[in-house]
1. Work out how much length residue 304 to residue 379 would gain on full extension: take 0.36 nm times their residue separation and subtract the Cα-Cα distance, in nm to one decimal.
2. For the pair residue 279/residue 148, report the inter-label distance in nm, with labels modelled 7 Å from Cα in the Cβ direction.
3. State the Cα centre-to-centre distance between the range 221-244 and the range 147-196 in whole Å.
4. So how do 280-293, 201-214 stack up, highest first, on mean other-Cβ count within 10 Å?
5. How big is the antiparallel share of DSSP beta bridges in the chain, given as a percent to the nearest 5?
6. What ranking do 369, 382 get, fewest neighbouring Cβ atoms within 10 angstrom at the top?
7. Restricting the count to DSSP beta bridges whose residues both fall in the range 152-361, what percent are antiparallel, rounded to a multiple of 5?
8. So for 64, 368, fewest C-beta neighbours within 10 Å to most, what's the order?
C-alpha cells in the first residue's frame, strides 16, 4: 500500500548525475526494483505543458517488504530540476503501482524524463520523513507520447462513448491538429475505468470534461479518487453524469462519495417513454427511428435549493427538466436523465453531438469530418488544408525571461 505522501523538492546537486542524497555514487548494475511506466494519465493520455499523472508499476526483488522512494525528475526552464517524490511499500511477491505527478515538459524541451526508485531512508527533517538513499532502479518516460499542447482532452468513463467521439474529428495543418471547420482539436479518451483515474487532482488537470456513462459505479471510487475528482471539479472541471436506467447509485448518499457535488434536486423515473418527442435533443436527422420505449429521469429543484445549486439546462417537450446542473467552485456538475447509452441510440451513432452535447458542454462549432466537407465543397476542402498556423503567445516566454515579469 502506498503511503499518502507527495512532495515537490528543490533539485539536489547530485540527483541528475546518479548520486543519492548522501552524495555517494548511486550506480547499479542490476535493478533491485523493476520499474514500468504503466500509464501517462487516464487511459494513457495526458498533455505536454500541463500537470499530469504518471502511473508507475514497481516490483521489488527484496526478500521482505521495505519502504521505497519513487522519484520523478521534472523539467524547469530556469535550469533547475524539480523532484516529485512519493514513498511506497515494496512487495517481493507481486507488482504494485503508484501515481506520481509533475508538470510535464514539451518533447522539444526535454525528450525524456527519469523515474527512479531509491531506498527510503528515515529522515525526520525531510518533507516526507524519508530521504533518497541507494538507487534501486530507473526507467524513462518518452515525452513524445504526450498529447500535443494544442489539443483539448475529454474523458468518457464507461461504455459506449454516447456520440462524444465526434469531438475527435481533425485534420493536420502545419503539423498541428485542428478541427476541419474550426480551431482547437479535442482528443476524446473513451472507455475509462476506475483504475484509470488518478488519486490526486493534478492527474486530471489537463481534462476539460469527464463524462461518466454506463459501467463503473461511484461507490467503487474510494476516498482518494473521489477526492481527486471533487477537487478537479472545484478547480474548473466539468463532470457530466449520465444516470443509468436501473441500479443507479448517484442519488444514494451512502453509495456515492461525490453526492455533495450533485445538483440539489428530486429525481422521478418515468418508464416506457417514447423518445420521438425528444428528437430535437438527440439528432439533427428527421428520418432516424428512435426507441419507442425508454427510461427517462426528470428533475425538479428542491424547494430550498439555491440558484446555482439546481440549474435546469435542457427540458423535454413537456417542459420537465432532463439535464440539471450545479456550479461547484470554478467548475460544474451536470446530470443527464436520458438513457444515452442505450443500444437503440448507440446503433445509430446517437446522440448527435451537435444536437445534444453542444448544448450541455457549451460548444457550437461544426463537427463535420474533412471527408464530409470535401464531398460537398472541394474548393473549401482545399482552402482548409492551406490555412496558416499562428501562435499568438509564442513570444511571451522570451519577454518574461528578459524582463522578469509578465507585464511587458
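1. On the way: separation 75, 0.36 × 75 = 27.00 nm, distance 5.68 nm.
Result: 21.3 nm gained on full extension.
2. The two pseudo-label positions are separated by 4.0 nm.
3. 20
4. Values: 280-293: 13.9, 201-214: 22.9.
So the order, starting with the most tightly packed, is 201-214, 280-293.
5. Details: 66 of 86 bridges.
Around 75 percent antiparallel, to the nearest 5.
6. Values: 369 15, 382 10.
Fewest-to-most Cβ neighbours within 10 Å comes out as 382, 369.
7. Details: 23 of 42 bridges.
Bridges in the range 152-361 are about 55 percent antiparallel.
8. On the way: 64 8, 368 18.
Fewest-to-most Cβ neighbours within 10 Å comes out as 64, 368.
No lab work stands behind these numbers, since they all come straight from the coordinates. Remember, predicted model here, so these are calculated numbers, not experimental data. Note that we place each Cβ from the backbone using ideal geometry, even for glycine, and neighbour counts take in every protein chain shown.
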